[in-house]
Amino acid sequence: MSLRLPGALADEIRRHGELAYPAECCGVMAGKVEPSGRKEVLRLVPAVNRRTDDPHRYLIAPDELRRHEALLRADGLEIVGYYHSHPDHPAAPSAFDVEHAWPWYSYLIVRIDQGRGADLASWTLDEERPVMHPESLDVLSEV
Amino acid sequence: MSVTVTIPTPLRGFTGGRDEVQLPGSTVGDVLAGLLAAHTGLARHLVQDDGRLRNFVNLYLNDTDIRQLDSTDTAVRDGDTLTIVPSIAGGGPAVETELPALSHAELLRYSRHLLLPEVGVEGQRKLKAARVLTIGAGGLGSPLALYLAAAGVGTIGIVDFDVVDLTNLQRQIIHGTGTLGQSKLASAKARLADLNPNIKVETYEARLTSENALDIIREYDIVVDGTDNFPTRYLVNDACVLLKKPNAYGSIFRFEGQASLFYAQEGPCYRCLYSEPPPPGLVPSCAEGGVLGVLPGIIGSIQALETIKWIIGAGDTLIGRLVLFDALKLRFRELKLRKDPDCPICGANPTIHELIDYQAFCGIGAEPDYTGLEIGVEDFRREWDTKGDDVVLVDVREPHEWEIVHIDGARLIPLSALPDRLGELDGHAEIVTHCHHGARSMKALEILRAAGFTKVRSLAGGIDAWAERIEAGMARY
């Protein structure tokens, strides 16, 4: 599996994470899936984090997800995955992330280091076991 | 009967790529069982080991979440659509910790909280997990620490460096006659431990300064500011903004008080309200101006209330609102506060990025050098005895303070009336001014010197020092 992400959108994810710091940000990644299975992100939809009780958790509610999905579908896009931030923690999935992950989707994590956006990594769930594997992430530079 | 089940993209790998599946059944549970039987591999993602839906899996029958219907017992009709909708959840590893459990004794102790749906067991466990720092164990700190401890806030930190004095007990109800002379921290800690032995009290016997504030505050979830002076108030505000912590603010003076919840992450901070401190000496402290003893009980309780609401996430907070209380009129008013986009610490382009010198910021270090302008009580006693009427002692306190106690032979001219009554003083006489502790007396000195009086000095330590060291048996207040 691999994920292509335009550089401008990568910057946008970092900015969203910086704004939400020290809480976590989250959002939807929408785009297209090539016949090879490779996903390309074409648009980001920042989501409302419904977990206001705990800054180290995020939740995108199903109603919101359905709304986004309908709007994106009208534009010929589909949800290819989600992004969220890990304030002052590595861009690797936590046990909680793995436990709640769905197959197929790309889970992009951005580390926010003392309020500054740092490295990004994308992960997918193993279809057989409760573990996540890194997928290749191509951040496209501006042309 | 046949129902259409729409399969979300992430699960199509288990349905041969199909986005819809037709299945028979009379309830949602039937259809779900049929789906899991027909497509092995789906079960792991949709249901737990006990067969119930995983909590982040949502099923919509047509447009309604089945949790709002009869869950998996909901009847289905021919032509219905069942849609699987993911909740997307996750989060960093920082708080994998669960909320602490409550013992049987704690459940009983907090039963009146547990009866409130807004608190409940979860809210009470959040209180137990919470770490609250109170700055000061005085007038405001007393009621708020007592209520926080009684409410079951698991860890309460207190910063103070004072000792319990008789004049404190008119309002500082956490202390008692039995703890006079003890440190306020020891006195408060003992009282809180008696009130609620389930909680932890952490004490910091120090003045909060720019050097230690970040290290102390960093360890807590929320700060409650019970300070009585401007430098510390700005220090607490700035440290909270820099560390992104909320600050439950309260202040009192005579018969009036105010309270708010400053949280720059979501609203204004103290500097958005007061960008600059008042000139030093303009606003007297409670020691100089007095305060009605019940008043800190009311304002401190509001601070405790806001802290508890913020921890359990209930109700509307005071973020963006300033409550003003007038005890004599018994009236609450409310001002809307806006975040100042030009705020030097929480605005769009902050100019303050670290803690500064708050004494200097509040003009306290910049006061004129009074060396040589003060006279000690012993020296004054000797001079007064030798020179007699050539030395005039002017008491610049208020008449009601004069009534409590005064020095025989002194003349009362309250500071507020002094500029209009300069004519009553002999320009050639030596003048010594005095007040309660020495602060207002210095202001009087400035007025006299500006008016051309040259032989003027101030009695160091005021009438309090006089009562302590010269006239034993004189009343003190």
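The values are calculated or read from the model by the stated rules, or taken from the named source; none is laboratory data. This is a predicted model, so every value here is computed, not measured. Neighbour counts run over all protein chains shown; Cβ positions are idealised from the backbone, glycine included.
Quick notes on this one:
- Counted residues, the range B:1-26 - those being more than 14 Å from every other protein chain (Cβ to nearest Cβ) and surrounded by 18 or more Cβ atoms within 10 Å (Cβ to Cβ): 5
- The residues of the range A:39-68 that are surrounded by fewer than 21 Cβ atoms within 10 Å (Cβ to Cβ) and among the small types (Gly, Ala, Ser) amount to a single one, A:61.
- Count of the range B:246-258 residues, restricted to those that are modelled with pLDDT of 95 or more and either more than 29 Å from residue B:326 (Cα to Cα) or outside any strand (DSSP E or B) (or both), is 1.
- Inter-residue pairs, beta-carbon under 9 Å, first under 14 Å from residue B:29 (Cα atoms) and away from chain A (no Cβ under 12 Å) and in the range B:49-71, second charged (D, E, K, R) and part of a loop (DSSP other than H, G, I, E, B), 6+ apart: B:61/B:80
- Selection status of residue B:234, in a helix (DSSP H, G or I) and surrounded by 22 or more Cβ atoms within 10 Å (Cβ to Cβ): yes
- Single match in B:53, B:35, B:23, B:42 (criterion: at pLDDT 90 or above and within 22 Å of residue A:129 (Cα to Cα)): B:35
- Selection count, the range A:1-19, where residues are within 14 Å of chain B (Cβ to nearest Cβ), surrounded by fewer than 22 Cβ atoms within 10 Å (Cβ to Cβ) and touching a residue at least 24 places away in the same chain (Cβ under 8 Å): 2
- Residues of the range A:122-136 classified as crowded, with 17+ Cβ neighbours inside 10 Å and more than 9 Å from every other protein chain (Cβ to nearest Cβ), total: 5
- In the range A:82-100, the residue that is surrounded by the fewest Cβ atoms within 10 Å (Cβ to Cβ) out of those that are within 9 Å of chain B (Cβ to nearest Cβ) and in a strand (DSSP E or B) is A:87.
- Scanning the range A:33-44 for residues that are within 12 Å of chain B (Cβ to nearest Cβ) and either within 16 Å of residue A:6 (Cα to Cα) or β-branched (Val, Ile, Thr) (or both) yields a total of 2.
- Members of the range A:48-58 that are more than 8 Å from chain B (Cβ to nearest Cβ) and either without any contact (Cβ under 8 Å) to a residue 12 or more places away in the chain or charged (D, E, K, R) (or both): A:50
- Identity of the residue in the range B:76-98, surrounded by fewer than 17 Cβ atoms within 10 Å (Cβ to Cβ) and within 35 Å of the chain's Cα centre (by Cα), that ends up modelled with the highest pLDDT: B:98
- If you filter the range B:414-428 down to residues that are exposed (fewer than 15 other Cβ atoms within 10 Å of the Cβ) and not in a helix (DSSP H, G or I), you find that the one that is modelled with the lowest pLDDT is B:427.
- Single condition residue B:119 does not satisfy, out of (1) surrounded by 14 or more Cβ atoms within 10 Å (Cβ to Cβ); (2) within 14 Å of chain A (Cβ to nearest Cβ); (3) within 29 Å of residue A:79 (Cβ to Cβ): (3)
- Count of the range B:314-347 residues which are within 14 Å of chain A (Cβ to nearest Cβ) and free of Cβ contacts under 8 Å to residues at least 24 places away in the same chain: 1
- When the range B:259-277 is filtered for residues that are crowded, with 18+ Cβ neighbours inside 10 Å and in a loop (DSSP other than H, G, I, E, B), the ones remaining, listed by number, are B:263, B:264, B:267, B:268, B:269, B:277.
- Taking first residues from the range B:348-363 that are touching a residue at least 60 places away in the same chain (Cβ under 8 Å) and partners that are outside any helix (DSSP H, G or I) and among the aliphatic types (A, V, I, L, M), the Cβ contacts under 7 Å between residues at least 6 apart in sequence or on separate chains come to B:352/B:345.
- Some residue of the range A:30-45 being under 30 Å from residue B:315 (Cα atoms) and not β-branched (Val, Ile, Thr): no
- Those strands (runs of 3 or more DSSP E) of the range B:306-413 in which 3 or more residues are among the aliphatic types (A, V, I, L, M), under 30 Å from residue B:131 (Cα atoms) and modelled with pLDDT of 90 or more occupy B:321-326.
- Pair list, Cβ < 9 Å and 6+ apart or interchain, from the range A:59-80 residues that are on the phi > 0 side of the Ramachandran plot to residues that are aromatic (Phe, Trp, Tyr) and in a helix (DSSP H, G or I): none
- Within the range B:441-463, residues that are over 14 Å from residue B:379 (Cα atoms) have Cβ atoms under 9 Å from residues that are among the acidic types (Asp, Glu) and part of a loop (DSSP other than H, G, I, E, B) in these pairs: B:442/B:367, counting only partners at least 6 apart in sequence or on another chain.
- Scan of the range B:2-21 for residues that are of a type outside the set (Val, Ile, Thr) and more than 30 Å from residue A:126 (Cβ to Cβ), ordered by number: B:2
- Selection status of residue A:94, of a type in the set (Ser, Thr, Tyr) and at pLDDT 90 or above: no
- Test: residue in the range B:278-286 that is free of Cβ contacts under 8 Å to residues at least 60 places away in the same chain and of a type in the set (A, V, I, L, M, F, W, C): yes
- Taking (1) more than 12 Å from chain B (Cβ to nearest Cβ); (2) surrounded by fewer than 15 Cβ atoms within 10 Å (Cβ to Cβ) in turn, residue A:73 satisfies each apart from (1).
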